[in-house]
Every structure is written in structure tokens, then in C-alpha cells.
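A quick write-up on the structure given underneath.
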Amino acid sequence: MGKARLLLTIPFWVLLLASGVYSASDPGEEEPKVEEAEPAPKEPKKLEITAPQTSVQQLFDLDLRRWPEERFYENLTGLINELSVRYGDEATATLLDTAELFLGQMMVAEAESVLGELEEVSPGQLRRKTALKHAQMLLNGASVDDFEASPLNEDSRPDRAFWSVLQAIATADGVMLNENLSGGVLGLIHQTRPVARSVLPIIIEAMIETEQLTLAARSLELLEDFPDLSDAPMGHYLRGRAAEKQNNQKTALVHYFEGIKGFDRYAVRSRLAIADMAIMDGGRGALMAAEDVLENGLDSWRGDQFEIATLQKLHEVYAAADERVEGLILLSKITMRFPGTEAAERAEAASKDALRAVYQDGFDGKIPLSRWLSVHLRLVPAYRYHPEYARLVEELADHLMTLGGTTMAAKEYQRALDFRVDLKDLNSDWVSDEEMIQNKLKLARAYAAGGQYQEAKEALATLDGAVDIMVRNDINTLRAKIAAQMGDADGLLRTHVMSPSAENLRNVSHALWEKQEWDGANEFYNRLWAEYPGSFSLSDATYLLIAAHRTGDRNTATRVVEAFPGMTESENWVRLAESFLSQPPDVSTLTLDAANGRLDRLNSALENIQGNGL
């Protein structure tokens, strides 16, 4: 440990320089000669391919440092040249060298591709291939199944702890991680600069999360040898996280707010950290600040788990601030941005109950109607494709109908119908035929209640295919009512209602009366009186009396007169009834007095009809 402390106090790249990472090629080796170009005509320079130039190999099986970073292109060209003249085991060895060269540059995908071509190797090369393959997996964030038997886990390797740290992180093995973190930093000395640049931040974060804060602070000093990382969101995030672990909230926030100025994943993580601190604080000011930070960063990183995490964290902030509508809109965004994912399924489940709660507050009168409708219109774009939302919109329309808002109700019924049409196109199981029919019927009723009879008639025309008997009766009842209101007597009389209401019977009776079909009018007014005696009005009785008189039905006329005189103070109405019931003069012998009597009786009846407003 004394040696480890000494090494940690020395600037990182001083150690790397001292260890020979940047050893120059053999000075005794000739450099390639470049021929001078002829003055005229100018010939292109001829490319000369040289053999690979490596440093002294210090580690067996795998030694990334033997490929100097500054000679990468020359070495790669040399290896490719060698492959053209090598065969068998020699060609395999060259390919293994190529994979090692790629790993030293953190070109992990390229190394994987090369190793994938080597399905079978000789026993003498198997161990080296295994070491390279395990290194490629660990540098790529994957774990090695049998790491204990790996060549990288040999006790003789000075960088064994480095590879053990990567294995521990990949397998979430806390014990292995704690045992190897200190040695893992020292193991960086045996790696190339590109590898150290990629792995050092990972190791530092592991130290912070396991609360080895002293070691983390010293390792953060090593990060300063990479200014592009230290001064970037990555460096600010790591220093902020270390400060937060030390309960130094002020310093942590300073670093996090520096980190959010970038556009990479560590900028996203800085935003998430600020939000976590705000939620823990719980203060309104802190939550508003977190909202601003997350909302402004939504478009800075798109398309993977970090965007999902940002959306989910913003929803948590909205929930903590009791901003339910904003939270609902955000849940919808998760569902639409990441369909089929676990995050989308959780968001959809959460939004179902939350939507019902928001609309229920409106139904219960807990929020003013104007605000409720404003909230509703904000939610419409977000949830129009939600399978349950059309039902909520329909219930809102039902509520508006009870308040007498027929025009607004018609708009919402139409909106619900549009949503259901779209949902049925997407998935026919989401919307039943019964729901569609009832929605259309309610729309027609809303139009009719608002006096928009033509629109109501057109809405009913879309229901001609309904086969359910009770539904057909409801449709015909409304169709008959609309025909009556539009003065369409023929349409009214053509519309059969299986179980007519008092209104329907009255409309049919009056249509027949207007057409002077006295027998039919007499029949239906009598039916109205018999089936709905409580709804049979004085006006109905008047029309029935006239129809009965025209048909010569003295029994009906007598019943009307006997039933209704006590219900009115109209002297004219009583006189009208008496004039209809009085026996006309005998016409068997035509006399001047008889004729005059008939004319006087008719004039009296007409005057009484006019006086009653018929």
C-alpha cells in the first residue's frame, strides 16, 4: 500500500511516460525513404509499406502498450501487409496482433470482428486468443463467464486488478469491486492512453458509489490529465457526485449546473441528479428549478434509456409539485416515444388511473367547468389514441348535456366518435360496435336537443345498419321526433316506433290531424289518452274533440267533454264542446229555419275554434 500511495501522488502520465508507453521505435531501424518528385511531370509519391513497429513486450498473452499510439496507422498497414504473405499459424498470429492493436486504441468493435474470424486456433495460440477475447468483452462492458480461469486473472499479471474491476462492474459484484479498486487504478499504468481515457471515469464512478471517497478524490486528479474529460460534463458530474456523497450539497449543485451545459450523457445525468436533490428537498423553489432544468434538456438527448429516465424523472417532479395535468401529458409522451417498452407499459397503466381522477374532479364539481374544459383540451392531443380516453370524452359530453350545453356536448360526442374510428382502424378489439352505435345516437340526440335537426338527421342516417331491436326503437323514436320538428309529416308517419312515447304518439296524432286524416287522428289521440293519461293535455283533448266530431264519434266527444270541462275556465272551450255535441236540426224536411239553424251552429263552432287558438 505504501507503493500505491506513492504512485497516486505522482501525476498519472508521468508514470505512463516512465513506464515506456510512448517508447520510440528502434533507433537503429531505418526509416522509409521518400523519393523526391521529378520537377516535370509530377509523379504521385509511391506508398511504401513498412513492418509493424512495436515496443518491448512486457506482459504475456495480452500487452496493449507494445503498440505505440502514435504509430497506429503505420502498424496497421504493416500488419495488413504481413497478412498478404503469411499462412497458417503465422497468419493467425498476425490477426491476433491486429486485434491487440485495435484494443489498444479502444476500437473494440473492430477487434471483435477480427477475433470473430478466428474460430479455431492452434493450442499454442488458444491462450492468447482467450486473453484478447476476454479483454474485448470487458472493455465493451460485458462480463466473462469463467473469469477465474481467464488469463487476465492470473496472479502474475500486474494489471489483474484492473480487469477484475471491469468484471466486477459488469456483474455487479460489490465484493470483488471493493477488493480491486485500489489496484485497478494502478493497473491503468499498464494500459494505453485511449484505454485509460475510456475506463478511468468508470473506475472513478465505482469508487464514488462504493464511498471510497479518498481514493476517488485522488483518481479525479488523474482525470485532469484528460482536459477534454475533466472540463466536460463528465468531469463536472463526477466531482458533483463525489461532493454529494460527502453531503456537500452546495458544491455538488455547482458542479451539476456546470455539467448540464453540455449535450452528452453526463449532462443528462447531471440534470437527473439536480432533480433528485430537488425531490429530496421538497421545496417549491427547488422543484420549479428542477422542472426548468429537465424541460430545457428534453431535446438535448433523445432515443435511449437516458431520455426515458429524463421523462420519468420529470414526471416525479411534477408529482411532487402536484402538477397532475403536466404529469399526464408527460406519461403520454413516454407511451408514444417508446411504444412496446416496459417504460411505456408502466406509463400507460399510471395514466389510466390519473386520467380518471382528473375527469372525476370535473364530474364532482371540484374544479370550475371553464378550467376543466381547458384541462380537457390540453389532454386531447396527448391521449386521443389511448384506448380508454374516448369513453372519458363521451362522459364529459354526457355531463355537458345535463347542464344544457347541447352544442358543446355535440362537439365532444363528435370528438369521441372520431377517436373511436381511429382506434378501430388501429385495433378492432379496442372499440365495440355497440360503443360506436351509442356514440352516434348520443350525437344525434345532442344535435336534436340543440335544434340542429338537419345535423341530427344526418347522424341518424349512419345508423341504418343497426340490428338490435331496442336500438332500432331508440333510433326510430328520435327520427320520428326530428321529422315532427322539421314538419316532415310523411317522414314521421313512415317511421315505426315499437314502443312509442307520449311525445311520439302526440306527434303522430297531430300529423294525422294536420293531414285531415280524422280517423287516424282520432285513433292515436285516443291511444295517447289511454296509454299516457297523465300526459294528455287540454290541447290534446281539443284536437281529439275535433277529430271525433269529424268522424262522427259521439262517444269519444262525450268522454272528452265530461273529462275536461272542470279543468278549464275557458267559456269558449265549453261552448265549442257544446256546439259539437248539440243535435243538428232534422234535415229530412228542408225548411228555412232548419237551414239557418245549421249555419248558426257552424258559425258558432268556427268562432269558438278561432277563440281557442286552434
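The values are calculated or read from the model by the stated rules, or taken from the named source; none is laboratory data. Just so you know, these numbers come straight off a predicted model, no measurement behind them. Heads up, the Cβs are rebuilt from the backbone with ideal geometry, glycines too, and the neighbour counts pull from every protein chain shown. We work out accessible area using only protein heavy atoms, side chains counted, and drop any ligands, DNA or RNA first. Shrake-Rupley method; radii C 1.70, N 1.55, O 1.52, S 1.80 Å.
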Go through (1) crowded, with 17+ Cβ neighbours inside 10 Å; (2) assigned to a helix (DSSP H, G or I) and name the single condition Trp301 misses. (2)
Could you go through the stretch 50-69 and let me know if any residue there is open to solvent by 100 Å² or more (accessible area, probe 1.4 Å) and modelled with pLDDT under 60. yes
Looking at the stretch 455-471, which of the residues that are open to solvent by 20 Å² or more (accessible area, probe 1.4 Å) and assigned to a loop (DSSP other than H, G, I, E, B) is farthest from Ser499 (Cα to Cα)? Thr462
Can you confirm whether the stretch 481-492 contains a residue that is surrounded by fewer than 18 Cβ atoms within 10 Å (Cβ to Cβ), assigned to a loop (DSSP other than H, G, I, E, B) and in contact (Cβ under 8 Å) with a residue 24 or more places away in the chain? yes
Please work out which residue is surrounded by the fewest Cβ atoms within 10 Å (Cβ to Cβ), limiting yourself to the stretch 219-236 and to residues that are over 15 Å from Ile203 (Cβ atoms) and in contact (Cβ under 8 Å) with a residue 12 or more places away in the chain. Ala232
Among what's in the stretch 124-145 and is among the polar types (S, T, N, Q), open to solvent by less than 60 Å² (accessible area, probe 1.4 Å) and within 45 Å of the chain's Cα centre (by Cα), pick the residue that is nearest to Leu96 (Cα to Cα). Gln136
If you check every pair at least six apart or on different chains, which have Cβ atoms under 7 Å apart with a residue in the stretch 117-129 that is in contact (Cβ under 8 Å) with a residue 24 or more places away in the chain first and a residue that is open to solvent by less than 40 Å² (accessible area, probe 1.4 Å) and not in a helix (DSSP H, G or I) second? Arg127/Asp61; Arg128/Asp61; Lys129/Leu118; Lys129/Val121
Please enumerate the residues belonging to the stretch 266-292 that are open to solvent by 20 Å² or more (accessible area, probe 1.4 Å), among the hydrophobic types (A, V, I, L, M, F, W, C) and without any contact (Cβ under 8 Å) to a residue 24 or more places away in the chain. Met280, Ala286, Ala289
Any hit, the stretch 425-443, residues being surrounded by fewer than 21 Cβ atoms within 10 Å (Cβ to Cβ), part of a helix (DSSP H, G or I) and either among the polar types (S, T, N, Q) or on the phi > 0 side of the Ramachandran plot (or both): yes
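Yes/no matrix, rows are residues, columns are (1) under 26 Å from Ala349 (Cα atoms); (2) out of contact with any helix residue (DSSP H, G or I) (no Cβ under 7 Å at 6 or more places or on another chain):
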residue: Lys250; (1), (2): no, yes
residue: Arg265; (1), (2): no, no
residue: Arg284; (1), (2): no, yes
residue: Glu291; (1), (2): yes, no
residue: Leu294; (1), (2): yes, no
residue: His315; (1), (2): yes, no
residue: Val325; (1), (2): yes, no
residue: Ile329; (1), (2): yes, no
residue: Ser332; (1), (2): yes, no
Looking only at the stretch 237-246, which residues are open to solvent by 50 Å² or more (accessible area, probe 1.4 Å) and either in contact with a Phe, Trp or Tyr (Cβ under 8 Å, 6 or more places away or on another chain) or not in a helix (DSSP H, G or I) (or both)? Gln246
Counted residues, the stretch 74-124 - those being assigned to a loop (DSSP other than H, G, I, E, B), of a type in the set (Ser, Thr, Tyr) and within 16 Å of Asp63 (Cβ to Cβ): 0
Would you say Glu148 is surrounded by fewer than 16 Cβ atoms within 10 Å (Cβ to Cβ) and under 27 Å from Met277 (Cα atoms)? no
Which of (1) open to solvent by less than 20 Å² (accessible area, probe 1.4 Å); (2) not in a helix (DSSP H, G or I) is the odd one out, the single condition Phe263 does not satisfy? (1)
Could you grab me the full set of residues in the stretch 98-135 that are among the polar types (S, T, N, Q) and closer than 18 Å to Asn75 by Cβ? Thr98, Gln105, Ser113
Any residue at all in the stretch 535-553 that's open to solvent by 30 Å² or more (accessible area, probe 1.4 Å), at pLDDT 90 or above, of a type in the set (D, E, K, R) and not in a loop (DSSP other than H, G, I, E, B)? no
Would you point out the residue of the stretch 502-534, among those that are among the basic types (Lys, Arg) and surrounded by fewer than 18 Cβ atoms within 10 Å (Cβ to Cβ), that is nearest to Thr477 (Cα to Cα)? Arg527
